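> Got a structure for you, questions after.
The values are calculated or read from the model by the stated rules, or taken from the named source; none is laboratory data. For clarity, every value in this text was computed on a predicted model and none was experimentally measured. Ideal geometry is used to build each Cβ from the backbone, glycine not excepted, and the neighbour counts take in all protein chains shown.
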């Protein structure tokens, strides 16, 4: 019984995360300002990381968890670089 509940909950979570990713892509495309686009990119990275984690829970392998860690590090660095560029106009001082 609990395996069935886990499979159903993971399926629902993956569908909702895919929907949230579509909303983030729409925010990136239609964002009226650059700050809105940066927030959309950050949300897309978070959604991608969570999707990879749900795939990892479903499959039971640790490879997905390492990939989620790499996605989160790249997302953090990318968001930081974009925010610094918007604040100062340059990334490297």
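> For the stretch 49-93, which residues satisfy the criterion of being touching a residue at least 40 places away in the same chain (Cβ under 8 Å) and within 26 Å of residue 15 (Cβ to Cβ)? Outline the logic, then answer.
Filtering the stretch 49-93 for residues touching a residue at least 40 places away in the same chain (Cβ under 8 Å) gives 54-55, 57-58, 79, 82-83, 86.
If the condition is that a residue be touching a residue at least 40 places away in the same chain (Cβ under 8 Å) and within 26 Å of residue 15 (Cβ to Cβ), then 54, 55, 57, 58, 79 are the ones that fit.
> All but one of (1) loosely packed, with under 14 Cβ neighbours inside 10 Å; (2) modelled with pLDDT under 95 hold for residue 22; state the number of the condition that does not hold.
Here residue 22 meets the rest and fails (2).
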